[in-house]
Amino acid sequence: MTALVTLRNVTKSYVRGKQKVEVLHGVDLTIETGEFLALMGPSGSGKTTLLNLVAGLDQPTSGEVLVAGDRIDRLSRGSLSDWRARHIGFIFQFYNLLPVLTAEANVEVPLLLTNLSKAERRRRVQVALELVGLAERARHKPNELSGGQQQRVAIARAIVSDPTLLVCDEPTGDLDRQNAEEIMNLLQALNRSQNKTIVMVTHDPKAAEYASRELHLDKGLLTNDTRRAA
Amino acid sequence: MKMFRQIGAVTAMNFRSLPQRVSTSLVVVIGIAGVVAVLVSVLAMSTGLIRTMESTGRDDRAIVMRNGSIAETSSALDRNSAKLIVDGAGIKRDENGEPILSAETFRILSLRKQADDAEVSAILRGVGPKILAVRPELKIIEGRMFQPAVAEVIVGKSAHAQFKGLNVGDVVRSRGANWTVVGVFDTGGDAHESSLMTDAETLISIDQRGSFQSVTALLESPAAFQAFKDSLSANPALAIDVVRERDYYQQQSKTMANIISIIAYVVGGIMAVGAVFAALNTMYSAVSARLQEIATLRALGFGSTAMVMSVLAEALILALIGGVIGALLAWGFFNGNTVSTLGGAGGLGQVVFELSVSPQLMILGVVWACVIGVLGGLFPALRAARLPVAVALRAV
């Protein structure tokens, strides 16, 4: 396996009021291609900050962030946008679907950033929706779907452009147990059958059990790194 | 191409969410419509006044006034001067070889408006016997021409329509005489249509003010003006100014038209500032309402430019709708309405003119609307683009 994500001595600090708060203190981390990593830890431990750095949503204060062969800590904001479009699929806790668009139009959004023809975009949207088991709800708007279904649409949107890395921020945080299990099964299947590399932040130990590796953060430091046999 | 598709996609999404923001969006549309309606209708006044004054006067007619007079009101020419002017070079002559000119004087009459009974001052112009040759555009459209030596007047079409008591057969009172209205005249929509006319000698003999105020001469051609002017200026017995008739009326209306334009821009400008703030407020709330969408799209890789352009496009289209509504309102309510000046455009008495909401004015109004829209949309657009994605996602 090859390293898809490499963090070297990464720190991140914010200024809150007059105080400088360091959220990550010199983190070193490697994530291999095909891994399903669950990032766990208490609130304020730096999980989401770490996820944002890996996803190119934020820049480190110091250190190197190498993802898919690119030093993304050196990219400008504009280049980082393009880079995210090419490499990252996002799954959010509250799905973040666009309320005015149908499920299929929501899934199509990332493809609008590519040069694909309309027909090809349609075909890929169809495939992605079938993969998450929602082909028959393609014409429904988010408010006509249950929470679990909305998250499936969000997953379809995340995978439709075949990104290098899927990042999930509390993907089951807004779902009941049954829906949460279905979503985790889907993510696990994507990881196992499509070899998608997934980095997931979660509070939920049950969700973390689906991952192949569990990483614990506390006060900005990595504390525990467990690999699980498939 | 990709950029245009991004902008198009984001703008389309914005518009699809418009129904959820209909009331705040209406504030922009209505505000801008109001600004444009006021601006266009006030400017229509100055355009209408200028148009009326431009149609008054010809290049081949000259007005002679006393040296240093800015307007006919402040001019006086005695009989000797009036006689000497007859000898000026370049004056057109009639079939009998007599020079075509009209020595004129005028008085201010107090009349009342049809619309609101307000007291207004109108001009009673005493003209020479050759007036119909001097002003071939003057046509009697009702009744007949006045006779000399009797107190008879003809009234201009606009004066007839705007002021009370000017029907054929009515009597108009002035100091020293009761004037019977015997006809209505048309001069092709120029400023004279707002006045009354009678025989100059009769007017002078009735109130015993023994001088003329100006002489209007019809020249052989527009090019004869210089020769006419030079010949009169060379006469040491004359202390006079000679101006082309068209230049005179344009000069007279200029100040008034300028004042109206300034008022239009000041009032329009103040209202526009208000409308910019309304647009700012609306677009800020539109951006806030869509913060989650914007943050999500930015996370997915949509660029800042697409965000800026889409917010601007929305502001611009709302402004455009407002601008078109405002321009159409001004056109519908005011185009072709006749109004009159209050005091008198520089010695011209009450001038009645049509408000003219021209296509150019309507375009100007819509351009103002677009500028307001862009100014109101710019800062919210920049906010949408600059907000750090990680922060915006957390704020959701």
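Residues of region B:130-180: accessible area per residue at 1.4 Å, in Å²?
50
Given chain B, what count of lysine pairs have C-alpha atoms under 23 Å apart, with each pair 8 or more places apart or on different chains?
Eligible lysine pairs with Cα atoms under 23 Å apart amount to 13.
Could you work out the relative contact order of region B:68-238, using alpha carbon pairs under 8 angstrom and six or more residues apart, expressed as a whole percent?
Reported relative contact order: 33 percent.
To the nearest 10 degrees, how steeply does helix A:147-159 sit against the main Cα axis of chain A, on a 0 to 90 scale?
80
So what is the relative contact order for chain B, in percent, with contacts set as C-alpha pairs under 8 Å and at least six apart?
Reported as a whole number, the value is 30 percent.
Can you give the angle from 0 to 90° between the axis of helix A:118-131 and the longest principal axis of chain A, with both taken from C-alpha atoms, to the nearest 10?
Taking the Cα atoms of chain A, the angle to A:118-131 is about 80 degrees.
What does the charge add up to near A:T226, with Lys and Arg as +1, Asp and Glu as -1, over the other residues with Cβ less than 13 Å from its Cβ?
That sum, taken over residues with Cβ under 13 Å, equals -1.
Mind checking which helices in chain B clear 24 Å along their axis (Cα) and have mean Kyte-Doolittle hydropathy of 0.5 or more, DSSP H runs only?
B:22-55, B:245-289, B:304-334, B:359-386
Where does region B:68-238 land on Rg(C-alpha)/(2.2 N^0.38 Å)?
1.07
To test your reading of the geometry: what angle, between 0 and 90 degrees and rounded to tens, separates the Cα axis of helix A:177-193 from the longest principal axis of chain A?
80
Can you tell which of B:L84, B:L378, B:L328 shows the greatest fluctuation in a Gaussian network model of chain B with Cα springs below 10 Å?
Of B:L84, B:L378, B:L328, the most mobile in the Gaussian network model is B:L84.
Carbon and sulfur atoms: what percent of the 1.4 Å accessible area of chain A do they account for?
47
If you count, for every residue in A:57-69, the Cβ atoms of partner chains within 10 Å of its Cβ, what is the mean? Each step should come with its number before you reach the end.
Values: counts 9, 5, 2, 0, 0, 0, 0, 0, 0, 0, 0, 0, 0.
Per-residue shielding by partner chains comes out at 1.
If you look at just the Cα atoms of region B:27-125, how large are its Rg and its Dmax in Å?
Every Cα atom of region B:27-125 included, Rg and Dmax give 21.4, 71 Å.
Among A:A55, A:A119, A:A158, which one shows the biggest mean-square fluctuation in a GNM of chain A, springs joining Cα atoms closer than 10 Å?
Judging by the Gaussian network model, the answer is A:A119.
Tell me, what HN-Hα J-couplings in whole Hz come from the Karplus equation 6.51 cos²θ - 1.76 cosθ + 1.60 at θ = phi - 60° for each residue of region A:45-59, using x for Gly and Pro?
With the stated coefficients, region A:45-59 comes to 7, x, 4, 5, 4, 5, 4, 4, 5, 5, 8, x, 8, 8, 10 Hz.
Sort largest first and round to whole Å: the equivalent ellipsoid semi-axes of the protein assembly as shown, each the square root of five times a Cα gyration tensor eigenvalue.
86, 23, 19
Compute the signed sum of charges (Lys and Arg +1, Asp and Glu -1) over the other residues within less than 11 Å, Cβ to Cβ, of B:G48.
Charge balance near B:G48 sits at -1.
For the pairing of chain A with chain B, what total accessible surface becomes buried, with a 1.4 angstrom probe, in square angstrom to the nearest 100?
The A and B chains share an interface burying roughly 2300 Å².
Among the lysines, select those whose C-alpha is under 24 Å from the C-alpha of A:K196, and discard any that sit fewer than 8 residues away in the same chain.
In chain and number order, the partners are A:K47, A:K206.
The values are calculated or read from the model by the stated rules, or taken from the named source; none is laboratory data. All values derive from a computational prediction rather than experimental measurement. All Cβ positions, glycine included, derive from the backbone under ideal geometry; neighbour counts span all protein chains shown. These area figures cover heavy atoms from the full protein model, side chains too; ligands, DNA and RNA do not enter into them. Shrake-Rupley method; radii C 1.70, N 1.55, O 1.52, S 1.80 Å.
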